Amino acid sequence: MTMKLGLSMRYLGYHMAAWRHPAFDPASITSFQAYRDIAIKAEAAKLDMIFFADGLGVRADDTPAGSLSHDMRNADLDPQTLLPAIAPFTQHIGLVATASTTYSEPYHVARKYATLDQISGGRAGWNVVTSWSEQEALNFSRTENLPKDQRYARAKEFVQVVTGLWNSFDADAFTHDKASGQFYDPDKMHVLDHKGTYFQVRGPLTAGRSPQDRPVIVQAGASDQGRDIAAQYADVVYSVAQTIEEAKAYYDDIKARAATYGRTNNAPLIMPALAFYVAETHEAAQAKLDQLQALIDPLAGMALLYTYAGDLSAYDIDAPIPDEHFTDRISIGGGLLKVARDQKLTIRQLYERIAAGFTVRVVVGTPAEIVDDMQAWIEAGAADGFNLCPPILPQSLDDFIALILPELQRRGLFRTEYESTTLRGNLGLA
């Protein structure tokens with residue numbers, strides 16, 4: 001069984017102290033050339049897609065005081081602008097970017113991604129998210145974010161409208177008949193005329209039909225509402241499962257929900273996030289992680305915990321998190337607290353754990369050890385592939401290409417050539 005692989009590129013590194021590494025240029029975080037060159041390398045490795053998570057603000061408070069100025073997550077590039085610029089430098093790799101359903105309009109999103117699909121020849125993907133942070137709300141004329149249930153209800157209708165707009169024209173609608181003067185067949189143009197709770201959108205979309213029928217939809221549904229949206233609409237689902245048991249339960253749940261919507265052929269694909277530290281020996285791989293861990297500023301580490309697990313500043317940093325502390329700020333926060341309690345981690349150990357991969361699962365080892373792990377997840381029915389979250393770019397991608405990729409290909413677990421020119425085709429999606 002072959003697997004699907006994406007490369008997550010936000011901030012050019014998933015270790016929070018990557019920017020302090022001696023080999024890293026912090027200015028590259030806002031350098032087009034840096035992202036372009038990494039995308040070209042990823043395509044040479046035959047990866048399915050590059051992926052950009054995104055937010056519409058600096059999603060962190062200055063808590064503890066002074067911590068925000070120690071955090072690298074204060075500057076990056078708009079992926080919806082960046083990916084069309086990267087597209088001409090690549091031919092096969094998918095181009096996936098986040099757009100919020102909370103602070104966008106469906107017509108804008110539908111048109112942007114349909115246009116990216118035209119520019120790239122059928123390689124666009126939309127990562128559907130709801131915006132959860134107060135910082136984003138303050139950038140859009142609100143004093144607080146929408147309630148969670150409302151965010152997800154709006155998101156579901158948002159996706160309905162976008163997919164409807166993508167169906168504005170049949171694939172053969174544009175006749176371009178100069179002799180008759182007919183530009184398109186009116187019977188093959190469809191006016192959406194959506195009237196719902198949150199949106200009223202007439203259509204049609206002015207971007208024509210996408211080269212891959214419609215852009216790929218990516219989603220990271222963790223909550224019950226998010227899982228339902230993923231099961232009904234997503235082509236690819238990212239997860240942040242920490243254990244194979246947790247991943248398999250999530251996998252089975254999403255696939256079962258999808259089946260209730262009549263979806264077959266293994267859709268949607270489930271691609272858990274994976275941060276990796278690899279070297280020829282296990283000790284050398286661990287040394288790579290240790291080098292970055294030593295660069296974590298404790299102030300930034302505590303601020304990272306605040307983002308996901310609430311304010312822990314009143315507790316002893318070298319003691320476990322008290323049982324009475326709880327947060328439901330975002331779905332991932334509860335999961336992190338559970339891990340901390342199950343493994344009896346101190347607050348310091350928890351922020352080190354999160355910092356190593358920005359909340360995603362971390363593996364450390366030789367190429368054989370890491371591929372053993374990946375293969376076990378695939379064979380257990382816990383994943384269809386992985387969203388690679390390299391600790392530092394481009395260095396970690398170079399490690400992947402030199403060490404992990406040959407082992408994957410030797411075992412027949414990953415392609416040696418692309419199967420298609422479209423993202424949908426390479427993913428094996430209908």
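Read-outs: derived from the displayed coordinates by stated rules, not from any lab. Nothing here was measured: the structure is a model prediction, and the numbers come from that model. Cβ atoms come from the backbone with ideal geometry, glycine included; neighbour counts cover every protein chain shown.
Brief remarks on what is shown
- Note on region 30-110: with charges restricted to the Cβ of Lys and Arg (+1) and Asp and Glu (-1), its dipole about the Cα centre is near 280 debye.
- Ordering ALA356, ALA60, GLN293 by Cα displacement along the dipole of the chain toward the positive end leaves ALA60 in first place; charges were set at the Cβ atoms of Lys, Arg (+1) and Asp, Glu (-1).
- Taken one residue at a time, the phi angles of region 90-106 give Karplus couplings (6.51, -1.76, 1.60, θ = phi - 60°) of 10, 10, 10, 6, x, 10, 10, 9, 7, 9, 6, 8, 8, 10, 9, 10, x Hz. Gly and Pro are set to x.
- Scanning residues 5 or more positions from ILE217 or on other chains, those with amide H under 5 Å from its amide H are TRP126, ASP235, VAL236, with H placed 1.01 Å from N in the peptide plane.
- Candidate lysines for bridging to LYS338, where Cα separation is under 24 Å - those fewer than 8 sequence places away on the same chain excluded: LYS148, LYS248
- Shown for LYS288, LYS46, LYS195: other C-beta atoms within 10 Å of each C-beta, ranked fewest to most, produce the order LYS195, LYS46, LYS288.
- Start at zero, step by 10 Å, and the Cα-Cα distances of region 230-269 spread as 32, 54, 14 percent across the bins.
- Helix content alone sets the calculated 222 nm mean residue ellipticity of the chain: runs of n ≥ 4 DSSP H residues at -39500 (n - 2.57) each, divided across all residues, give -11000 deg cm²/dmol.
- Within the chain, DSSP assigns beta bridges of which about 15% are antiparallel (rounded to the nearest 5).
- The chain: angle of helix 331-342 to the longest principal axis, Cα-based, in degrees nearest 10: 30
- As computed over region 179-252, the Cα convex hull volume per residue (Å³): 141
- Listed values for region 292-300 are Karplus-derived 3J(HN,Hα) couplings in whole Hz (6.51 cos²θ - 1.76 cosθ + 1.60, θ = phi - 60°), namely 6, 4, 5, 8, 6, 7, x, 5, 5, and x replaces Gly and Pro.
- Taking amide H as placed 1.01 Å from N in the peptide plane, the amide H of LEU7 sits under 5 Å from that of MET49, ILE50, PHE51, LEU388, each at least 5 places away or on another chain.
- Semi-axis lengths, largest first, of the ellipsoid equivalent to region 217-296 are 34, 12, 10 Å, with √(5λ) applied to each eigenvalue of the Cα gyration tensor.
- Its relative contact order, with pairs defined as Cα atoms under 8 Å and 6+ residues apart, puts the chain at 23 percent.
- Cβ-placed point charges (K, R +1; D, E -1), dipole of region 257-399 about Cα centre in debye, nearest 20: 580
- Of the residues ASP290, ASP323, ASP228, the one that moves most in a GNM of the chain with alpha-carbon contacts below 10 Å is ASP323.
- Between region 197-234 and region 411-425, the alpha-carbon center distance in angstrom: 24
- Positive end of the dipole of the chain (Cβ unit charges, origin at the Cα centre): among VAL191, HIS70, PRO211, the Cα lying farthest that way belongs to VAL191.
- Order of LEU336, LEU138 - criterion: other Cβ atoms within 10 Å of each residue's Cβ, fewest first: LEU138, LEU336
- This model, with +1 at the C-beta of Lys and Arg and -1 at the C-beta of Asp and Glu, gives the chain a dipole about its Cα centre of some 920 debye.
- Approximate shape of the chain as ellipsoid semi-axes (Cα gyration tensor, √5λ), whole Å, largest first: 36, 26, 21
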